[in-house]
Amino acid sequence: QVQLVESGGGLVQAGGSLRVSCVVSGTFFSIYATSWYRQAAGKKRELVASISGTSVTNYADSVKGRFTISRDNANKTVYLRMNSLKPEDTAVYYCYCNVMLRLGGSINGYWGRGTQVTVSS
């Protein structure tokens, strides 16, 4: 069983910074691409940033230059550093991870339960 647990969310003033983390636990062979999504109240979940198994990154236009996604393979953790936060960044932030359970097996996607980020004006 693979579990993703996010942490690091909270309340911050506009212009501030936060770093959210996603720890992947369980029994599996390898972690592939991992992404951070967010969902604001009343809105659809949207992709914020992604990082491949070889650490190639992509960002939504709305966060480019402000957010940085990174991964620590040894500790099975993915981070999202958020700088210059804006009230419109307020949302629940979810981690999504592609995991190969066994060598040569299928790659499955898993979601965390999310962590709330609130940016006050």
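Observations
- Area of LYS43 that stays accessible when all protein chains are in place (1.4 Å probe, Å², to 10): 130
- Of all lysines in the structure, those lying under 20 Å Cα to Cα from LYS64, and not within fewer than 8 positions of it along the same chain, are LYS44, LYS86.
- Within straight-line cross-link reach of LYS76, aspartates and glutamates at Cα separation under 15 Å, skipping those fewer than 8 residues along the same chain: GLU6
- Each peptide in 100-106, 10-16, 29-35 gets a packing score, the mean of other Cβ atoms within 10 Å over its residues, and the list from highest to lowest is 29-35, 10-16, 100-106.
- Counting only Cβ charges, +1 for Lys and Arg and -1 for Asp and Glu, the dipole size of the chain around its Cα centre is about 60 debye.
- For the options VAL20, VAL78, VAL56, a Gaussian network treatment of the chain with springs between C-alpha atoms closer than 10 Å singles out VAL56 as fluctuating the most.
The values are calculated or read from the model by the stated rules, or taken from the named source; none is laboratory data. Predicted, not measured: the structure shown is a model, and the values here were computed from it. Positions of Cβ are generated from backbone atoms using ideal geometry, with glycine treated the same way; all protein chains shown enter the neighbour counts. Quick note on the areas: whole protein, heavy atoms, side chains included, nothing else; ligands and nucleic acids left out. Shrake-Rupley method; radii C 1.70, N 1.55, O 1.52, S 1.80 Å.
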